[in-house]
Amino acid sequence: MRRQTWAGLLVLVAWGATGCLIPQDDTQLDSIPEFMNRPPRIIESLVTPQTRIISNFGAGQQCDLTFEVVVEDPDVDDSLVVNWFVDYNPQDPRQPYRQYALAPTNEPRRADRGTLLISLASANNPLGTPGPHLVEALVSDTALVDRVPRSETMQLPDGTTLQNPGFVTTYAWVVNTVQGDCR
């Protein structure tokens, strides 16, 4: 008899453990939730120039320098912008030196490359002064305010709001310009 009591008690405990004894609220989704924004990335193996430090720009016949970034974004419909900054100073913030839009595609990797060509023969060249310079590519999937991506407020079907973040990723080169024969 004792064995049957323990067996019955064990069955009762096992049955009670299979479900929750406290009733749960059933919340049903009215619609599929919006996807949250995901960050783009710069593919470092495809960046040009591959070396981050260019030590003798302007020496010999090296008068032109091309910077390129290749970008992937899992959100294929996002519009991406490559903002090029040269010698950015946070105490004296300025707009980007150049901007290059990357068109949306059906693939995460964008077909376009964000490109910046610097020629020492040009009069408006930001790398013309001898000495070290910082060239930065900031890739953003939203508008930038002082180099910080803006968030987007999304209205959900239940009336609440959600902040969908914007993202920025960077790549930088140090360029040391030397006096040369480019002018």
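Give me the pairs: first residue in the stretch 50-64 and farther than 13 Å from Trp173 by Cα, second residue exposed (fewer than 12 other Cβ atoms within 10 Å of the Cβ) and hydrophobic (A, V, I, L, M, F, W, C), beta-carbon distance under 7 Å, and six or more apart or on different chains, which are they?
Listed pairs, sorted by first residue: Cys63/Ala121; Asp64/Leu117.
Considering only residues of the stretch 153-183 that are in contact with a Gly (Cβ under 7 Å, 6 or more places away or on another chain) and of a type outside the set (S, T, N, Q), which is modelled with the highest pLDDT?
Val178
Quick one: in the stretch 66-84, which of the residues that are free of Cβ contacts under 8 Å to residues at least 60 places away in the same chain and more than 15 Å from Ala143 (Cα to Cα) is most open to solvent (accessible area, probe 1.4 Å)?
That would be Asp77.
Within the stretch 113-135, can you find the residues that are closer than 23 Å to Pro74 by Cα and not basic (Lys, Arg)?
Within the stretch 113-135, the first condition is being closer than 23 Å to Pro74 by Cα, and the residues that meet it are 113-115.
If the condition is that a residue be closer than 23 Å to Pro74 by Cα and not basic (Lys, Arg), then Gly114, Thr115 are the ones that fit.
Show the residue pairs that are 6+ apart or on different chains and have beta-carbon atoms under 9 Å apart, the first residue being within the stretch 151-175 and closer than 30 Å to Phe57 by Cα, the second being surrounded by fewer than 13 Cβ atoms within 10 Å (Cβ to Cβ) and of a type in the set (Ser, Thr, Tyr).
Pairs found: Trp173/Thr51; Val174/Ser55; Val175/Ser55.
The values are calculated or read from the model by the stated rules, or taken from the named source; none is laboratory data. In this text, all values refer to a predicted model and were calculated from it rather than measured experimentally. Note that we place each Cβ from the backbone using ideal geometry, even for glycine, and neighbour counts take in every protein chain shown. Calculation scope for accessible area: heavy atoms of the full protein, side chains included, ligands and nucleic acids excluded. Shrake-Rupley method; radii C 1.70, N 1.55, O 1.52, S 1.80 Å.
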